[in-house]
Amino acid sequence: MDHLPDAIFVHSGPEHHLTAVNRWGKFLAGPIDTLGSPARSVYPPDVADDLVGLLDDVYESGEPASGREWRFAVTRHDGRIEEHHVDLVATPTRDDQGEIAGVAVRLVDVTATVRDRRAKQPEATEQHQDRAAASQDVVLGLQQTLLARGLPVVPGVRTAARYVVTRSEMGAGGDWFDGIALDGSFAAVVGDVVGHGADAVAVMGQLRAVLGELLHDAGPAPDLAGVLARLDRAAARLPGARGATVCVAVLDPAEGRMRYACAGHPPPLVVSPDGSTRFLALPGGGPLGVPGPPTVVGHATLAPGELLVCFSDGLVERPGHDLALATAELASVASGVVRFAARESEELAEQVAQRIVEHMTRDGHDDDVTLLVVRRTGEFPPPLDIDVAAEAEQLATVRRSLQGWLRVLGAGRAQSTAVEIAVLEAVSNAIQHAYPGRAGGRVRVEGTLDGTGRLSLTVSDDGRWRVPGPDPRGRGRGLAMIRACVDEVEIERTREGTSVLLDHALRTAAVLDGAPSRPPARRSVRGEGRISVTHGTEPRIAVAGPIDIATAPALRRELREASRGGTLPLTVDLTGVSHLASAGVELLYTFVEEMQVDGRRVELVAPSGSPAGYALELTGLDRLVRT
């Protein structure tokens, strides 16, 4: 048994005490001190409840049971968390008299298969669309356009959303979600239109737009009953909207007071920091657009650290499954994630959303699945205030402070990258051009995030910027990059100095149709404020760290040395670059042009979505070379 390629666990008695385990089982479950331990203390916390429930079913019924792609997150001695996925089969064992004595579990590691499928998911999605009928492609495209592409980032809350479309021939359905910042409160919305196909998607888009406008017009403390009464009247007049359901919860992030209403929709789940769960009481009210009593508004309080989980019925309604058991399963999964995760995890809402969708859809689903998780943090970060000397060496200080502030706000990686580029470009311009021939100049960066999710930043100095020349290869590219990264840019020049005003709607991305839950983690950079270059055996160098006005000269020397003064073709791996400023873009433009004039090949390696990849796409440099 010890040499079998699969993990084997043998349990005895109704408490499922562990009586035998092979070598692979010990590795998978983590350190097991002694045999005889009950199953709940053997397995990782995030899966123990589910597995003990399965063992109970097998022990009581005497029938085997199985599961697919269960997730095991094992904490090793050094604190590392390893993630495994397994298929499992649980079989009853019997004593000499034929009575059930325990349960044996066989776990087959399918981690490689799951990772490979996830890596190929964009390709698989494309293949699926190629095979699908043209009408279904149109429906899916329409749905993607009408759904919210992101959620506003507002002080005091963290959010995460998932939408998984059914793969049935009926096509996409009419589920939707929304997060609406009301300048002092946050509205979480999940709705469901009856039916599938283009008609359902079109109705969904109209109801979502109407409800969004009604909430915006009502202000930070909307009359929720009045809003839903008007939405109900609109649904009665809108063909195809009758019978639609919706849940709306309006939260005051500062006080935790919440008003909510469920028009024919399942009530939200609340998960406390200790893992305890409760479903909010169903206040009353039927579906939209049909005769019946008006929707009643309920009241609740969300404590700091608690999560609100809003969902569509597709998450819990599955053929052959009891609805009460499915909702209990949902609560158990959410509880397990919260209990297992770090208490102060900034990504807890994302972790809960990801795990719920993974678990509840692993055996398939016949309807669209929509999930919106809102976590009340109870934290309101102070405004950003950075004051540094106008020196290139201070860019690292600005970058570090800005990244930390954006992380605390809850900004997504793509948005953070764009904001960092804009701010650091403005700071670089002030350092280079505000104080020509003067020493002792200062640069200040101030920032706030308001209750509507608008980010306001000001980069100011006491000098005057030099007007950029007409040559596009010279200075001036930085300002173009700033304008491309944020919504609005204003430059104020006075006798006292120059101020760059940046305004941007900060949003966090939603995950639609099983896309990756989060972009790859930012690589750590050794030597903040300097670059790290690794030379390969072939004409190739890997660059790590920021490339800005302070580090560009060093990189220029490295590029020339690696290419032997431009005589050898060169591959430049920018995967580890944490920030690519206009000074770095200018350097790469010049180097590429010099190499191409001499007929030498240059290849820049920069994954899409990485800081370097974002900057290359922003400036068009990706079109000049192979990336």
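Observations on the structure shown:
- Alpha-carbon centroid distance for the pair region 567-594 / region 209-287, whole angstrom: 51
- Label-point separation, F279 to T91 (7 Å along Cα→Cβ), nm: 3.7
- Fully extending the segment from D385 to E213, taken as 0.36 nm per residue of separation minus the present Cα-Cα distance, adds 58.4 nm.
- Residues L501 and D450, FRET efficiency given R0 of 22 Å [Cβ-Cβ distance, rounded to 0.05]: 0.95
- Within the shell defined by Cβ-Cβ distances under 11 Å, the residues around T448 carry a net charge of -3, with Lys and Arg each +1 and Asp and Glu each -1.
- Estimated inter-spin distance, R118 and S61, nm [label 7 Å along Cα→Cβ]: 2.9
- Region 255-369 shape via C-alpha gyration tensor axes, a/c threshold 1.5: oblate
- Percent RCO, i.e. relative contact order, over region 544-583, from Cα pairs under 8 Å lying at least 6 residues apart: 72
- Residues whose amide H falls under 5 Å from that of N22, counting only those 5 or more places apart or on a different chain, are I8, with hydrogens built in the peptide plane.
- Placed amide H near G463: partners under 5 Å, 5+ positions off or other chain: T498
A short reminder: the numbers here are calculations on the coordinates, not readings from a lab. Because the structure is a prediction, the values reported are computed rather than measured. Note that we place each Cβ from the backbone using ideal geometry, even for glycine, and neighbour counts take in every protein chain shown.
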